[in-house]
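Undergrad: Below are the structure tokens for one structure; questions will follow.
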Ligand code: ADP
Ligand code: ARG
């Protein structure tokens with residue numbers, strides 16, 4: 001906790017627009033500054049990234065699952081603010097009726113949607129988040145996750161590739177093709193997300209790279225389903241099948257009022273981000289593009305992910321809200337929004 005006063009001074013002297021700056025008042029700071037979770041998580045762990053990076057939007061990470069309780073005076077207002085909810089409440093997990101989803105391909109003509117991806121994050125219930133993990137624990141978690149993944153069958157069957165030992169060329173190719181993560185997010189880096197890199201990190205995927213699992217990137221586990229084109233139904237069904245299989249073997253951290261627990265409070269709840277890479281040069285050029293996205297609770301990212309730029313009018317459009325609604329509601333919110341954006345692009 002040695003660096004806490006320094007972090008606090010830095011935060012106090014910036015005019016950051018982050019949720020950290022907004023909600024970490026002197027009163028909250030004084031109340032939490034000496035608290036610790038049972039595995040040593042501190043307030044410094046929660047505010048380090050946002051204090052060192054005033055351009056943060058959120059600026060807060062939880063030290064560990066227990067941090068959501070111990071540092072609730074800071075984390076709860078951030079959660080309410082980010083997810084635009086008035087009370088800390090999250091519904092039971094509900095993936096919807098798989099036999100009657102009521103939607104299929106969002107772009108049957110194949111003209112606009114390049115690819116579709118849906119991901120969720122999961123945390124092992126018994127381990128901390130990056131600031132409270134050591135190398136042995138990262139490797140231990142990797143082994144537990146790998147063993148569970150290696151039991152998958154059918155379409156989900158695949159191979160686990162640890163980052164340790166993977167050539168730089170392979171890593172670059174997998175990253176360029178949108179399958180793999182790297183260590184280039186400075187917000188995550190400041191939060192301890194890349195400590196001991198690349199130990200304990202890796203990627204699992206099936207033969208045609210439509211079902212993938214990231215191990216020890218931002219979250220302990222990211223479960224991903226993706227494919228070319230706009231068939232959201234197929235992508236979502238595969239994801240849900242994968243989640244259900246892994247749930248049989250692993251115990252995931254969850255709190256009734258917050259849903260599934262993730263390192264960053266922006267991902268809590270369903271932890272679900274459903275996105276399309278979509279060609280929308282006309283809509284994206286409209287001055288009101290941001291308002292259009294906000295109106296439909298959508299978020300626009302560049303094609304290499306968060307904090308990247310669009311290339312050739314192709315954007316990553318996804319649901320923004322993850323908490324306070326069920327999994328199927330989050331998917332439907334994204335579907336409706338994308339359908340509206342497609343209509344707008346066609347009529348512009
Ligand atoms: P997340 O938080 O969901 O992991 P990021 O913004 O960090 O998302 O993106 C992770 C990777 O997934 C990036 O390489 C990004 O280009 C890729 N990606 C996201 N959505 C899609 C999509 N619909 N089709 C193909 N790749 C995608
Ligand atoms: N900490 C960064 C910020 O505050 C990212 C927040 C959301 N993204 C994420 N990958 N958790 O801007």
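Undergrad: Could you grab the pairs with beta carbons closer than 6 Å, sequence gap of 6+ or different chains, first residue in segment 122-133 and free of Cβ contacts under 8 Å to residues at least 60 places away in the same chain, second one surrounded by fewer than 19 Cβ atoms within 10 Å (Cβ to Cβ)?
TA: Nothing qualifies.
Undergrad: Same structure, new question: Of all residues in segment 77-90, which are modelled with pLDDT of 95 or more and touching a strand residue (DSSP E or B) at 6+ places or on another chain (Cβ under 8 Å)?
TA: Matches in segment 77-90: 90 only.
Undergrad: Which condition does residue 330 not pass, out of (1) in contact with a helix residue (DSSP H, G or I) (Cβ under 8 Å, 6 or more places away or on another chain); (2) closer than 30 Å to residue 75 by Cα, if it passes all the others?
TA: That leaves (1) as the condition not met.
Undergrad: May I ask you to verify whether residue 338 is under 17 Å from residue 115 (Cβ atoms), surrounded by fewer than 21 Cβ atoms within 10 Å (Cβ to Cβ) and out of contact with any helix residue (DSSP H, G or I) (no Cβ under 7 Å at 6 or more places or on another chain)?
TA: Numbers: under 17 Å from residue 115 (Cβ atoms): yes; surrounded by fewer than 21 Cβ atoms within 10 Å (Cβ to Cβ): no; out of contact with any helix residue (DSSP H, G or I) (no Cβ under 7 Å at 6 or more places or on another chain): yes.
So residue 338 does not fit the description; no.
Undergrad: Check segment 125-135 and report whether any residue there is assigned to a helix (DSSP H, G or I) and either in contact with a strand residue (DSSP E or B) (Cβ under 9 Å, 6 or more places away or on another chain) or more than 16 Å from ligand 2 (Cβ to nearest atom) (or both).
TA: Kept after step one, since they are assigned to a helix (DSSP H, G or I), are these residues of segment 125-135: 130-132, 135.
Those still in the list that are either in contact with a strand residue (DSSP E or B) (Cβ under 9 Å, 6 or more places away or on another chain) or more than 16 Å from ligand 2 (Cβ to nearest atom) (or both) too: 132, 135.
Scanning segment 125-135 turns up at least one residue that is assigned to a helix (DSSP H, G or I) and either in contact with a strand residue (DSSP E or B) (Cβ under 9 Å, 6 or more places away or on another chain) or more than 16 Å from ligand 2 (Cβ to nearest atom) (or both).
Undergrad: Here's something else I'd like to know. Which is in a helix (DSSP H, G or I) and under 24 Å from residue 338 (Cα atoms), of 238, 222?
TA: Of 238, 222, the one residue that is in a helix (DSSP H, G or I) and under 24 Å from residue 338 (Cα atoms) is 238.
Undergrad: What tally of residues in segment 51-67 results from selecting those that are surrounded by fewer than 24 Cβ atoms within 10 Å (Cβ to Cβ) and more than 16 Å from ligand 1 (Cβ to nearest atom)? Give the steps one after another, and end with the answer.
TA: Initially, segment 51-67 is screened for residues surrounded by fewer than 24 Cβ atoms within 10 Å (Cβ to Cβ), giving 52-58, 66.
Remaining after also requiring more than 16 Å from ligand 1 (Cβ to nearest atom): 52-55, 66.
Residues flagged as surrounded by fewer than 24 Cβ atoms within 10 Å (Cβ to Cβ) and more than 16 Å from ligand 1 (Cβ to nearest atom) within segment 51-67 amount to 5.
Undergrad: Shifting gears a bit: Mind listing whichever residues of segment 36-50 are closer than 12 Å to residue 69 by Cα, surrounded by fewer than 23 Cβ atoms within 10 Å (Cβ to Cβ) and in contact (Cβ under 8 Å) with a residue 60 or more places away in the chain?
TA: Within segment 36-50, 37 is the sole residue that qualifies.
Undergrad: Which residue pairs have Cβ atoms under 6 Å apart, sit 6 or more places apart or on different chains, and have a first residue in segment 3-26 that is within 9 Å of residue 54 (Cα to Cα) and a second that is surrounded by fewer than 19 Cβ atoms within 10 Å (Cβ to Cβ)?
TA: Sorted first by the residue in segment 3-26, then by its partner, the pairs are 14/54; 16/54.
Undergrad: Is it the case, given these coordinates, that residue 148 is over 24 Å from residue 61 (Cβ atoms), in contact (Cβ under 8 Å) with a residue 40 or more places away in the chain and part of a helix (DSSP H, G or I)? Step through it out loud before you land on a result.
TA: Details: over 24 Å from residue 61 (Cβ atoms): yes; in contact (Cβ under 8 Å) with a residue 40 or more places away in the chain: yes; part of a helix (DSSP H, G or I): yes.
For residue 148, the condition - over 24 Å from residue 61 (Cβ atoms), in contact (Cβ under 8 Å) with a residue 40 or more places away in the chain and part of a helix (DSSP H, G or I) - is met.
Undergrad: Which is out of contact with any strand residue (DSSP E or B) (no Cβ under 9 Å at 6 or more places or on another chain) and closer than 30 Å to residue 325 by Cα, of 11, 7, 74?
TA: Numbers: 11 fails: closer than 30 Å to residue 325 by Cα; 7 fails: closer than 30 Å to residue 325 by Cα.
Going through 11, 7, 74 in turn, the sole match is 74.
The values are calculated or read from the model by the stated rules, or taken from the named source; none is laboratory data. Everything numeric here is computed off the predicted structure, so don't read it as measured data. Neighbour counts are summed over all protein chains in view; Cβ atoms, including those assigned to glycine, are modelled from backbone coordinates with ideal geometry.
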